[in-house]
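Below is one structure; the comments refer to it alone.
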Number of protein chains: 2
Amino acid sequence: MNPIWVRTASRRYAVHVGRGILGSLPGLLARHPACRAAGGSAVMVSDASLFAGPAGRAASALERAGWRVSRGVLPAGEAAKTLSSLDKLYGFLLKSGAERRTPLVAVGGGSIGDAAGFAAATYQRGIPLVHVPTTFLAQADSAIGGKTAVDHPLAKNAVGAFYQPIFVLADVETLRTLPRRQLMSGLAEAVKCALVFDPAFARRLAARWPRVRAGDLAELEHAVRTSVAWKARAVSADEFDLAGKRELLNFGHTLGHALEWATGYRGALHGEAVVWGMRAALELSSGRGWLRRDRPLADALLDGLAAPAWPRGLASSDLWAAMRRDKKVRAGRNVFVLLKRIGEPARVDDVTKPELAAALRRLGVTK
Amino acid sequence: MNPIWVRTASRRYAVHVGRGILGSLPGLLARHPACRAAGGSAVMVSDASLFAGPAGRAASALERAGWRVSRGVLPAGEAAKTLSSLDKLYGFLLKSGAERRTPLVAVGGGSIGDAAGFAAATYQRGIPLVHVPTTFLAQADSAIGGKTAVDHPLAKNAVGAFYQPIFVLADVETLRTLPRRQLMSGLAEAVKCALVFDPAFARRLAARWPRVRAGDLAELEHAVRTSVAWKARAVSADEFDLAGKRELLNFGHTLGHALEWATGYRGALHGEAVVWGMRAALELSSGRGWLRRDRPLADALLDGLAAPAWPRGLASSDLWAAMRRDKKVRAGRNVFVLLKRIGEPARVDDVTKPELAAALRRLGVTK
């Protein structure tokens, strides 16, 4: 299958999406100009359980092709994204003798990609980075576009860099063992792309929900590929997320991020929080008289994602306070992405506190 | 005076060099598009003693012009460049409410510029950065070109980013109080530019050494301006220091960095180590039959810098081992910049261990 191309000012790169394509890693790496001078050394960064699975297989494939591979182990999940975990990762890179042209292959979900990507962006001021995402969320969304980050105790993703990979290799076979809740959380990003950009994709997802939810790999591959294509377009038009297309990817995220923050990142998964954010965005859109005929399809897609109950006791005012901390705040104003129709988004920065409170009341989640 | 322009793929920016121009900071900041949306807030990062001097004056000037200025204090010198100091700086930025468009003004020497520059590069994935360098080294060299970095316990400058400022404001008046040893160390970078790029500058510096060394501000301004112009050209041609012009700026630095590392960064100042590196490069050049007629002028410039004695007990083999750790190592080979003539550099990657040992013996510093 043809790769999907991302074209940014800093780099043009391919996103390979397919089934059973993990074994193409050595070939893709060897023919990349940035790595030819690396002297046959590579580093792979993943977590312990992935090294027993796809990361281990990818490392072995590289070794069979003649690469020397140093393995760097990060903690699983969000614990990978601390400054102290990063400090250890830099130490590993130095001890491995990684040079400015040594490729770093990040194998894992969003947290591994974020932390290892930031390490690649900043070690020796930047070494070649390859993303091998192994969750639906990472394949469809987070491995594309060059956002890397670690957390600060005071704010998630507070420290990071825009740093594009040299290529992305998304093998949907690795989704076979993905826990169902993780899959559903990741599918929220596919639904987001469908609602913001692509009515046909929205209709297809809705029609095939049973197969998608059951983890049918052909359906997942289509969903990953379509989401990647939309994200690639947005990123190519707006690499640094300054204004314009890329901001549209934030549909559902203004409130979703706030919900995650307000609940201490302990309740909902990212995609689950984004489902609530999308529900709120739909309700805000309807409140402005938009989205009339398309609302049922949008609701059906969100119903299909089956997010958990609204966090108990979480009030609209808590979310409003949390939103002030978002990176997207500009001169104190939050930007919301709403929908005029499916495929027709609108950026607005004039949502008021009472307007949000009313929308959440109409959703029946707050008083 | 006209600014000097740096043109890179990621940004085009002005370097303002002059005497008594610190007061132009608010005007330059206000008219910069990246800062217009900042809502009148800025952060300034410097060290405690500079806040009692030029940083304090710059902050007051901003406040008189209506900016709200949060002051972040870094430790003086290399202690600014640790991951833990950086961690505190991120905390300060979060507590100050710094947003993605809030400008960060870094006032100080190379260490402050490196650490605060890296914080600006990575806080919220990058906020607008202004360098106000206050040492000769920073004005002539380190504030230009977008290199930012902090140290890792295992290697200096191991962690960093290429991140261009929105402008640079170099007021040579701030050099009035610079300790003489710091001035001489900084002048090594001016001599480097003269030897690598500019025979006329080399002759002028040699002819005016007494006034330059005495800190005559008109002479220093000329030296800063000329060095900046050469560095701007090199950086514009090769932003990411991958191959080509920017690597020529490494004249004297291959061995200079190794000397600093081998002596645990406790002996020589950076510029002093670079003087020894340049002496070795001249001797290696002569050893290859180059630089014949220009050698006396080159030697005269280096004599004028009066570097300290060669570190006692430091052997050629120690330096050779230390050089293997350099960021410029490519597939295990060190790149040296040598001179065919003044203004005619040559990159070579085939200097052997015995060749270096012989050159150092001829300089009379090792046995």
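The values are calculated or read from the model by the stated rules, or taken from the named source; none is laboratory data. Everything numeric in this text was worked out from a predicted model, so none of it was measured. Cβ sites come from the backbone with ideal geometry, for glycine too, and all protein chains shown count toward neighbours. Protein only, heavy atoms only, side chains kept; ligands, DNA and RNA dropped before computing areas. Shrake-Rupley method; radii C 1.70, N 1.55, O 1.52, S 1.80 Å.
Take the Cβ-Cβ distance between B:R64 and B:D303 as r, set R0 to 41 Å, and report the resulting FRET efficiency rounded to the nearest 0.05.
0.30
Rounded to two decimals, what is Rg over Rh for segment A:4-175 when you use alpha-carbon atoms and the Kirkwood radius?
The Rg/Rh ratio comes out at 0.92.
If you wrap a convex hull around the Cα atoms of the protein assembly as shown, how much volume per residue is inside, in Å³?
144 Å³
List the distances, in nm to one decimal, from the label point of B:A79 to the label points of the same position in every other copy, shortest first, placing each label point 7 Å from Cα along the Cα-to-Cβ direction.
3.4
Can you order the peptides A:129-140, A:203-214 by their average number of other Cβ atoms within 10 Å per residue, highest first?
A:129-140, A:203-214
For label points placed 7 Å from Cα toward Cβ, what is the shortest-first list of nm distances from B:G364 to its copies?
In ascending order, 9.3 nm.
Can you give the FRET efficiency for A:R211 and B:R31, using 1/(1 + (r/R0)^6), R0 = 56 Å, r = Cβ-Cβ distance, to the nearest 0.05? Spell out each step's value before the answer.
Details: r = 57 Å, r/R0 = 1.02.
The formula returns an efficiency of 0.45 here.
Keeping all protein chains in position, work out how much accessible area B:M44 exposes to a 1.4 Å probe, and write it in Å² to the nearest 10.
0 Å²
Sum up the lysine pairs in segment B:219-367 that clear both bars: alpha-carbon distance under 24 Å and a spacing of 8 or more or different chains.
So the count of such lysine pairs works out to 12.
Which net charge results when you count Lys and Arg as +1 and Asp and Glu as -1 among the other residues whose beta-carbon is under 15 Å from that of A:R225? If you can, show how the numbers build up before the last one.
Values: positive: A:R19, A:R204, A:R208, A:K231, A:R233; negative: A:D141, A:D171, A:E173, A:E189, A:D198, A:D216, A:E219, A:E221.
Around A:R225, the charge tally is -3.
Roughly how big is the A-B contact, given as buried accessible area in Å² (both sides, 1.4 Å probe, nearest 100)? Please list the in-between numbers first.
Numbers: alone 15300 and 15330 Å², together 27300 Å².
About 3300 Å² of accessible surface is lost on pairing.
How many nanometers, to one decimal and shortest first, lie between the label point of A:R208 and those of its other copies, if labels sit 7 Å from Cα toward Cβ?
Reported distances to equivalent positions: 7.3 nm.
State the three equivalent ellipsoid semi-axes of chain B, derived from the C-alpha gyration tensor as the square roots of 5 times its eigenvalues, in descending order and whole Å.
Whole-Å semi-axes of the equivalent ellipsoid: 35, 22, 18.
Enumerate the residues in segment A:278-301 having an amide nitrogen under 14 Å from the point lying 7 Å beyond the Cα of A:R362 toward its Cβ.
A:279-296, A:299
Give me a comma-separated list of calculated 3J(HN,Hα) values for segment A:108-124, in order, Karplus coefficients 6.51, -1.76, 1.60 applied at θ = phi - 60°, integers in Hz, x for any Gly or Pro.
Whole-Hz 3J(HN,Hα) from phi for segment A:108-124: x, x, x, 5, 4, x, 4, 6, 5, x, 5, 4, 5, 5, 10, 5, 6.
Sorted by packing (mean other beta-carbon atoms within 10 Å per residue), highest first, where do B:162-170, B:116-124 land?
The packing order, highest mean first, is B:116-124, B:162-170.
Calculate for chain B the 222 nm mean residue ellipticity that helices alone would give, adding -39,500 (n - 2.57) per DSSP H run of length 4 or more and normalising by residue count, nearest 500 deg cm²/dmol. All intermediate terms of the calculation are to be shown ahead of the outcome.
Details: 16 runs with 165 residues, N = 367.
Value at 222 nm, helices only: -13500 deg cm²/dmol.
Quickly work out the A:E344-to-B:R233 label distance, labels modelled 7 Å from Cα along the C-beta direction, and quote it in nm with one decimal.
5.7 nm
Among the listed pairs A:K147/B:K147; A:K81/A:K147; A:K81/A:K156, which have their C-alpha atoms separated by more than 18 angstrom in this model?
Cα-Cα > 18 Å for A:K147/B:K147; rest within.
For segment A:157-266, what log10 I(q)/I(0) values come out of the Debye formula at q = 0.12, 0.20, 0.22 1/Å, with one point per alpha carbon and no solvent?
Normalising to I(0) and taking log10 leaves -0.50, -1.29, -1.38.
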